[in-house]
Structures are given as structure tokens and as C-alpha cells.
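The values are calculated or read from the model by the stated rules, or taken from the named source; none is laboratory data. Remember, predicted model here, so these are calculated numbers, not experimental data. Here the Cβ is made from the backbone with ideal geometry for all residues, glycine too, and neighbour counts use every protein chain on show. Accessible surface is based on the protein model in full, side chains and every heavy atom, while ligands, DNA and RNA are left aside. Shrake-Rupley method; radii C 1.70, N 1.55, O 1.52, S 1.80 Å.
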Amino acid sequence: MTTTTTISQHDFYGDDDGDSEGSVYLSVIENMKEEYGLFVWPCSVILAEYVWQQRSRFRGSTILELGAGTSLPGLVAAKVGANVTLTDDSSKAEVLENMTRVCELNNLNCNVMGLTWGVWDATIFDLRPNIILGADVLYDSSAFDDLFATVSFLLQNSPDAVFITTYHNRSGHHLIEFLMVKWGLKCVKLVDGFSFLPSRKASLLSGNIQLVEIVLSCGKSAA
């Protein structure tokens with residue numbers, strides 16, 4: 001079967017007050033058959049913009065992106081000086097290979113690895129991220145438990161870390177809130193994803209998208 005591959009361009013501008021850091025430009029290889037891991041979804045655009053606007057927080061941090069797919073948030077983090085590991089399901093060889101190609105295309109030295117939620121293989125025990133990212137990882141309710149189990153494990157390994165995720169509010173917050181309690185997590189920030197998105201980008205997207213920051217219940221709250 002023939003598939004259509006394209007390269008999309010993504011830009012992140014300096015602040016209006018004359019930010020000396022200028023702008024960041026990224027190229028992302030997408031497959032138009034819209035496999036989950038080969039397409040830049042709106043949640044990814046919003047999370048990437050959040051990383052850019054919070055770049056002083058990310059610079060020098062150790063970042064892990066879960067379900068990274070086309071990896072836009074992680075790529076922005078790498079561009080602003082973070083040490084980034086991009087992960088997706090270990091069984092998705094095509095997605096992992098695409099992640100490597102995208103890093104090479106943007107001259108970024110990110111670590112790419114398979115990480116399946118709810119599976120405790122050797123690699124996960126060595127991960128000590130300061131910040132965990134996840135764009136639209138809350139789309140399949142049957143995978144929520146495995147995702148939150150993995151996030152909880154990673155946060156217990158790095159108790160001062162935070163999980164930042166964007167998701168479509170498709171069915172309310174009740175299931176997410178229940179699972180946070182179940183896995184010993186709590187929300188420390190919840191905002192409308194469009195509240196900080198530049199109008200030129202917001203006009204191209206749609207949906208009710210939330211951004212939430214999650215930490216361990218007994219851990220240190222994010223600033």
C-alpha cells in the first residue's frame with residue numbers, strides 16, 4: 001500500500017519584548033495515513049508551545065517524552081537545551097525509526113528508545129527525568145491504567161519530577177481524577193490549552209484541549 005509522507009514546518013518565535021533567543025524552527029516527518037505515532041496532533045502543537053514559552057524551566061533539565069510519536073514537544077525541549085529521551089511503544093518500530101530520522105533532520109542528539117506503558121523492562125529502571133511530557137496520551141481509556149502506572153513509577157524514581165500532558169477533554173475529568181488518586185498522584189496546574197497559544201496557531205486547531213501538570217501526592221509541588 002502506498003503511503004504519503006510529508007515534512008511539516010513548525011516555528012516558535014521569541015517574545016514580543018525582543019527576546020534575544022530569537023526563534024526555533026523544526027521540521028517533522030509525518031505520514032498522512034494518520035497512524036497515531038506518525039502525525040502531529042493538536043495536543044502536540046499545544047504542548048510544544050508550552051515547552052517553548054517555559055523554556056527557561058526546561059533548559060538543562062532531563063526530559064522524557066512518553067508516546068512521543070512525531071516528538072514535537074521533545075524536539076523543542078532539545079532545541080532549548082534539555083537532555084531529551086523520546087519514547088514510544090516498543091512494538092512500533094516504524095514510529096521509533098521515524099523519531100530517529102526526525103532528530104537527524106533537525107540536527108538534534110536525542111535518545112530514542114522503546115517504552116511500553118505498564119511493562120517493566122530493564123531500561124525503565126535507569127530513567128530519572130526531571131520532567132515527563134505526554135501529548136494526547138490520554139486518548140484510549142483502556143490504556144489509562146498502564147500509563148498512570150508508568151508515570152507513577154517514574155515519579156517515584158524522581159520524586160521532585162512533574163508530568164506535563166495535554167489531552168482532549170472528550171469525556172470529562174472524572175476518570176483521570178480517579179486514576180490520579182489510585183496511583184498516588186495529584187494535579188498542581190490545569191489550564192485551557194488555547195489560553196497561551198498564539199492566535200496564528202490557535203486558528204488552525206480545534207477541540208477542548210487541557211494542559212495539566214501532575215506530581216506525586218506526597219511529593220514536592222511544582223512551582
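At-a-glance table
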{"read-out": "Region 60-181, accessible surface, carbon-and-sulfur percent (1.4 angstrom probe)", "value": "48 percent"}
{"read-out": "Cα-projected label distance for ASP126 with TYR139, points at 7 Å along beta-carbon direction, nm", "value": "3.0 nm"}
{"read-out": "Lysine pairs with alpha-carbon atoms under 28 Å apart, the chain, spacing 8 or more or separate chains", "value": "11"}
{"read-out": "Amide H contacts of SER158 (H built 1.01 Å from N, under 5 Å, at least 5 apart or other chain)", "value": "none"}
{"read-out": "Rule-of-thumb Rg ratio for region 116-184 [Cα; 2.2 N^0.38 Å; N residues]", "value": "1.09"}
{"read-out": "P(r) histogram, all alpha-carbon pairs of the chain included - 5 Å bins from 0, percent", "value": "1, 7, 15, 20, 22, 18, 11, 5, 1, 0, 0"}
{"read-out": "Inter-label distance for GLU94 and LEU205, nm, one decimal - labels placed 7 Å from Cα along Cα-to-Cβ", "value": "2.6 nm"}
{"read-out": "HN-Hα J in Hz across region 126-138 - Karplus 6.51, -1.76, 1.60, θ = phi - 60°, x for Gly and Pro", "value": "8, 7, 9, x, 7, 9, 9, 10, x, 9, 6, 7, 9"}
{"read-out": "The chain - share of DSSP beta bridges that are antiparallel (%, nearest 5)", "value": "55 percent"}
{"read-out": "Loop GluC sites (Glu not before Pro), region 28-88, which have at most 16 other Cβ atoms in a 10 Å radius of their Cβ (DSSP)", "value": "GLU34, GLU35"}
{"read-out": "Relative contact order (%) - criterion: Cα under 8 Å, at least six apart; region: the chain", "value": "16 percent"}
{"read-out": "Accessible surface, the chain, averaged per residue in Å² (probe 1.4 Å)", "value": "46 Å²"}
